[in-house]
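Just below is one structure, and these are the notes that go with it.
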Amino acid sequence: TDTTGMQATRKELPIHKEIKEALLKNDQALAVAKINEYFDQQKNVPLNIAITGESGSGKSTFVNAFRGIDNRDEKAAPTGTTETTMEVNPYPHPNHPNVTFWDLPGIGTTKFPADKYMKHVGFEKFDFFIIVSSDRFKENDVRLAKEIQRMEKKFYFVRSKIDNSMRDEERTQRDFNKERSLKKIKDNCIQCLQEQGLKSPQVFLVSSFDLQLYDFHLLEETLERELPEHKRDAFLFENRCCKTKTSSTVCNA
């Protein structure tokens, strides 16, 4: 019997199925080995986080802030009042070498029109998304969120430049209350996302220039806490895609 094909098929099976098979055969030693292998693979799996949103929303400044780098640093992502991100650029996470932030061009410009954006930036190759918006929830944000939902992936929604919004609120509101205004903005973002069919959206209000204020540290803590889950999702998604491709190859043989 030719066992080469059988061995290849076993390697291509998702590891959680191999764990289940070992348990069903009551092979505890193999099950433990497979479980340890599973955790090692999860720990080392690369996670590609796309930073996306409209041009001018503060995506590149956000990437720099998350990396603890000043916009003027030579290693910083280019920023400015005009469209500066013209390519998909990778930046490593400061604490996790296997995690990469990808600074994407802004959606909805003449160079990156919304109807061609997903294909142009290779949207499907990313594992997780952070949608950055400097203003209220817009049509292009809806488009991005729906595409992420279609791909069965997850995202955080970051309302950037919240310091500017607070200054505007203070200048225009007769009875300005900071906490009440922040809650109103966050509740509005959550409501808009939920109306698009997104369950339990995570929204963070951020100023990339005042990191001690608002939700920046909460965002950092949430990402740190949920990284294992995001890596697991990326790992399982990758295995699912591999299995689908393998099945397709077999069917077409």
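Using the Cβ-Cβ distance between D135 and T110 with R0 set to 25 Å, the FRET efficiency works out to roughly 0.80. Stokes-Einstein diffusion of the stretch 106-214 at 4 °C, 1.567 mPa s viscosity, Kirkwood radius from Cα pairs, rounded to a whole number: 86 µm²/s. Between amide H atoms placed 1.01 Å from N, distances below 5 Å from V99 occur with L47, H93, all of them 5 or more places distant or on a separate chain.
For E224, the accessible area of its heavy atoms, probed at 1.4 Å with every protein chain present, is near 80 square angstrom.
Using R0 = 30 Å, the C-beta based FRET efficiency linking D163 and N188 works out to 0.95.
Translational diffusion coefficient of the stretch 47-235 (Stokes-Einstein, Kirkwood radius from Cα pairs, 4 °C, 1.567 mPa s): 77 µm²/s.
The values are calculated or read from the model by the stated rules, or taken from the named source; none is laboratory data. Worth saying up front: this structure is predicted, and the values here are computed from it rather than measured. Counting neighbours? That spans all protein chains shown, and the Cβs are built from the backbone with ideal geometry, glycine included. Quick note on the areas: whole protein, heavy atoms, side chains included, nothing else; ligands and nucleic acids left out. Shrake-Rupley method; radii C 1.70, N 1.55, O 1.52, S 1.80 Å.
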